[in-house]
Amino acid sequence: MIIELSYIDLFIGIGLIVIAIGLSIYSRLQLEKDLFVGAVRTFVQLIAVGYVLNIVFSIEAWYAVIAVLLLMFGIAVHTILGRQRYRFKNMIPIITVSLMIGTGLTLFIVVYVIIQVEPWYSPQYVIPIMGMILGNSMNGVALAIDRLSSEIREKREIIETRLSLGATSREAVSDIISSAVRAAMIPTINSLMTVGIVSLPGMMTGQILSGTSPIIAVKYQILVMYMIAASVMISSVLLVQRGYKQYFTAHHQFKE
Amino acid sequence: MLFQFRHVSKKKPVETQKSSTVREYILHDLLFNINAHVPQLILGPSGSGKTTLLRLCNRLTDPDSGEILFRGQALTAYDVIELRTRIGYVAQVPVMLDGSVLSNFKYAIQKLNKNLPNGEEFEEECKELLRFLNLPEPFLYYETDRLSVGEKQRVALARTLLRKPEVILLDEPTSALDRTSTFRFLETINKLRDEMNLNMIMVTHSIDQAKILGGNGIVLVGGSVVEQGPVAEIMNNPQTEITKQFIEGMLDN
Ligand SMILES: Nc1ncnc2c1ncn2[C@@H]1O[C@H](COP(=O)(O)OP(=O)(O)O)[C@@H](O)[C@H]1O
Ligand SMILES: [Mg+2]
């Protein structure tokens, strides 16, 4: 049995935000403005997404699904760029390609090999699954590039020392490459360790609230965890493998 | 001929001020030869491009124009990794890799021999080299962050020597040593040259060093060669006013 939320219910829910804003004012935290703007944005963004998805689900056309996926990609790449302190050459194509391969491959395996949806563009599966792997991969990739760029800059002298001792540029940055991939993977690995014990994932909670049996929800959640791990790993490994090369010439020297 | 510089120029990669024209060059139209078996000194005030000149020799950086030959062949014709095995470089500021002195040494040789040398034998070789550079043997097991700058410079030199290069590029290797240590260091360098049959290109600030080491010299000022020839001749009979001033300046130090 599903108890549907009405808009009136949501407006009563605003009471929760009012409590938070009240506390902020009372404690002089100056968070009230951010809380207010955040609450409004959450409302508007999610309602908008809900209606867009509703339309896409009802037209059931492959091009509508592809359009939504491309939009999601654009936003992900934009978000990653916005979080970077440093830029390197070809950053946008490298991010885009890494994310596309990482999430695309994972999506393919999950949706077509495991779940085997029909038709192939079935929006009910493709969009939320892509949303989850893309969101996590986006965070991972953002962390990986930031770590990669900042460490290569900071350790320039150590890298040149290694190069002078006969290392290739790949060998000279191998520790930085692993540290960048680790940075990307740590949040995912942490959630693999604690899922279900410390937190109930949002997707599973949502499914259970909307009436799905916990057993079915849990099975989906296991798959979700695995696909996130795979996608973050593939995206960030591809990213650092391409990314470090932007700092070096083919002759194992720093570009100037 | 060890190295031939043919009209080698290098500009500053980042052009911030558009107004200055001459200052854009780090090195300008270098034209000289470096002979084998004779120590080659690079002299000149700081900022004159000495470090950049050394870095060109092992291709940590490349010229914007001109050509550098190594043993008669363009530097760019060699495989870079092989080149850096044959040409060792000890940077001005010694950079230690994480870990012990021994792990630094192991890093240096790991690419040379496919199979790592027998542990004990290798450690003996390392200790011998440390003794040779006036460092106590137990240093081999020290963490590198415990070393002073002067000690690091010598460890960095040892790390490069273990690779048995045919040329060694030294960038002011005695800048952190006192007079006595410097003197001992130079003696060691002279021994090295004889025993290991090592070709040496060394940047130095000091006139004493230039006198002790002898060989040929190049005086760089503002990225251009203003004087070249046997060090003794440059010292005794500088051809340009600018060299005279520079030599007097070195004497003051
Ligand atoms: N990568 C670089 N980018 C910008 N300027 C540089 C770079 N390398 C060297 N320079 C400049 O070139 C000049 C010569 O530097 P350097 O070769 O280190 O001189 P020296 O070793 O004689 O003190 C300096 O003015 C330095 O600031
Ligand atoms: Mg210098």
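All of the numbers you see were taken from the coordinates with simple rules; none came from a lab. Please read these numbers as outputs of a predicted model, since none were measured by experiment. Neighbour counts are summed over all protein chains in view; Cβ atoms, including those assigned to glycine, are modelled from backbone coordinates with ideal geometry.
Within 10 Å of each Cβ of B:51-61, how many other protein chain Cβ atoms are there on average?
2
State the extension gain, in nm to one decimal, for the chain segment bounded by A:Leu71 and A:Ile216, taking 0.36 nm per residue of separation less the distance between their alpha-carbons.
Gain on stretching A:Leu71 to A:Ile216: 49.2 nm.
Placing unit charges on the Cβ atoms of the charged side chains and taking the dipole of segment A:1-155 about its Cα centre, the candidate lying farthest along the positive direction among A:Ala64, A:Leu5, A:Leu148 is A:Leu148.
Here the dipole of the protein assembly as shown is about 560 debye; that uses its Cα centre as origin and unit charges on the Cβ of Lys and Arg (positive) and Asp and Glu (negative). Relative to the longest principal axis of the Cα atoms of chain B, helix B:149-161 runs at roughly 80 degrees. Taking Cβ atoms as reference points and 12 Å as the exclusive limit, the residues near B:Thr51 contribute a net charge of 0, counting Lys and Arg as +1 and Asp and Glu as -1. Calculated [222 nm] ellipticity per residue, helices only, for chain A: -25500 deg cm²/dmol; basis is -39500 (n - 2.57) per DSSP H run with n ≥ 4, divided by all residues, nearest 500. Site pair B:Glu120 and A:Phe43 shows an inter-label distance of 8.0 nm when each label is modelled 7 Å from Cα along Cα→Cβ. Is the shape of segment A:1-59 rounded, prolate or oblate, going by the alpha carbon gyration tensor and its root eigenvalues a ≥ b ≥ c, with a/c under 1.5 for rounded and a/b larger than b/c for prolate? Cα axes put segment A:1-59 in the oblate bin.
When the chain is fully extended, how far beyond the present Cα-Cα distance does B:Thr76 get from B:Gln110, taking 0.36 nm per residue of separation? Please list the in-between numbers first.
Values: separation 34, 0.36 × 34 = 12.24 nm, distance 2.44 nm.
So the chain would gain 9.8 nm between B:Thr76 and B:Gln110.
Would you mind checking the tilt of helix A:62-82 against the longest principal axis of the Cα atoms of chain A, expressed as 0 to 90 degrees and rounded to 10? Approximately 60 degrees, to the nearest ten.
The simple spin-label model puts a point 7 Å past each Cα toward its Cβ; for A:Ser199 and B:Leu31 those points are separated by 6.9 nm. Scattering from segment A:107-256 was approximated by placing one identical point on each alpha carbon and applying the Debye formula without solvent; log10 I(q)/I(0) at 0.21 1/Å stands at -1.22.
Between the beta carbons of A:Glu154 and A:Leu5, assuming R0 = 35 Å, the FRET efficiency works out to 0.10 to the nearest 0.05. Counting Cβ atoms of other protein chains within 10 Å of each residue's Cβ and taking the mean over peptide A:156-164 gives 6.
Sparse packing (at most 14 other Cβ atoms within 10 Å of the Cβ) combined with a DSSP loop state is found for the following trypsin sites (Lys or Arg not before Pro) in segment B:27-86: B:Arg71. Among the residues of A:32-44, the average count of other protein chain beta-carbon atoms within 10 Å of the residue beta-carbon is 0. Seen through its C-alpha gyration tensor, with square-root eigenvalues sorted a ≥ b ≥ c, chain A comes out prolate because a/c lies at 1.5 or above while a/b is bigger than b/c. Classify chain B from the C-alpha gyration tensor, please: rounded if a/c falls under 1.5, else prolate or oblate depending on whether a/b exceeds b/c. Prolate is the answer for chain B, as a/c is 1.5 or above and a/b outweighs b/c. Determine the alpha carbon to alpha carbon distance for each of A:Lys89/A:Lys155; A:Lys255/B:Lys111; B:Lys11/B:Lys152; B:Lys152/B:Lys191 and list only those over 26 Å. Beyond 26 Å between Cα atoms: B:Lys11/B:Lys152. Taken about its Cα centre, segment A:61-247 carries a charge dipole of roughly 380 debye when the Cβ of each Lys and Arg holds +1 and the Cβ of each Asp and Glu holds -1. In chain B, helices alone account for a calculated mean residue ellipticity at 222 nm of -11000 deg cm²/dmol, with every DSSP H run of four or more residues adding -39,500 (n - 2.57). Give the calculated FRET efficiency between A:Asp34 and A:His78 to the nearest 0.05, with a Förster radius of 25 Å applied to their Cβ-Cβ distance. Computed FRET efficiency for A:Asp34 and A:His78: 0.75.
Grab the other residues whose beta carbon is less than 11 angstrom from that of B:Arg71, score K and R as +1, D and E as -1, and report the net. Overall, the nearby charge balance is 0.
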